[in-house]
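Computed from the coordinates by the stated procedures, all read-outs in this text should not be read as laboratory data. Note that the coordinates shown come from a computational prediction; the quantities given were computed from them, not determined experimentally. Counting neighbours? That spans all protein chains shown, and the Cβs are built from the backbone with ideal geometry, glycine included.
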Amino acid sequence: MGDGLIASSDGRVVSTGSNLILSIYAIHNNPQYYPDPQVWNPYNFDEDKVAQRPNHAFIPFATGLRQCIGNKFAMISMKVFISKILQNFKLTTDQTEFQFDYYLIVRCRNGYHIKFEERSKEKRSDT
Ligand code: HEM
């Protein structure tokens, strides 16, 4: 490879110093790795499924030197937050249509219509 050019493992070539824009959304919606990508399917993250994909097929916190420094903090906070909500409320929705706006993160245009029903104290697992 000549000066000022970099080749990727699949043969693509770019000039050194180029600015590349990476669409994390497009990666996470690639049907090659996520069949029917718009369908919520937690089994996509079974150990064997993860092992079949390239390392960088799921990068919500980016990757490399400039990856998110809040990765672990964000994951722990979300788990604590979700488990506290689910301990105390039953969540249901009638919403079937979603329209999204694509910024740095994806946002639902009309919000999520979720009904929170407080669980009775005696049914909570922690009491
Ligand atoms: C679900 C939550 C989060 C997601 C999905 C997320 C995602 C990301 C992504 C994709 C980047 C790379 C952006 C780019 O390359 O242009 C990034 C960078 C960054 N994130 Fe997060 N982030 C989250 C939470 C947090 C939290 C909680 C903190 C701080 C406590 C944080 C601090 C940072 C910082 C400082 C950078 C810039 C790192 C650098 O440029 O060297 N993030 N994040």
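Descriptive notes on the structure:
- The length gained by stretching the chain between Asp48 and Ile6 to full extension, at 0.36 nm per residue less their Cα-Cα distance, is 11.9 nm.
- Potential lengthening of the chain between His56 and Gln38 amounts to 4.6 nm, from the contour at 0.36 nm per residue minus the alpha-carbon distance.
- Projected label distance in nm at Cys68 and Ala26, using a 7 Å step from Cα toward the beta-carbon: 2.1
- Ordered by the count of other Cβ atoms within 10 Å of each Cβ, fewest first, Val14, Val80 give Val80, Val14.
- One quarter of the surface of the convex hull around the alpha-carbon atoms of the chain equals 11.5 nm², the direction-averaged projected area.
- q = 0.24 Å⁻¹: log10 I(q)/I(0) that the Debye formula gives for the range 1-61, counting C-alpha atoms only: -1.04
- Averaging the Cα positions of each part gives two centres, and for the range 68-127 and the range 1-57 these lie 28 Å apart.
- Difference of contour (0.36 nm per residue) and Cα-Cα distance, Phe89 to Met75: 3.0 nm
- Note on Phe100 and Phe116: their simple-model spin labels are 2.5 nm apart, each label 7 Å out from Cα toward Cβ.
- Rounded tilt (10° steps) of 71-88 against the dominant C-alpha axis of the chain: 20
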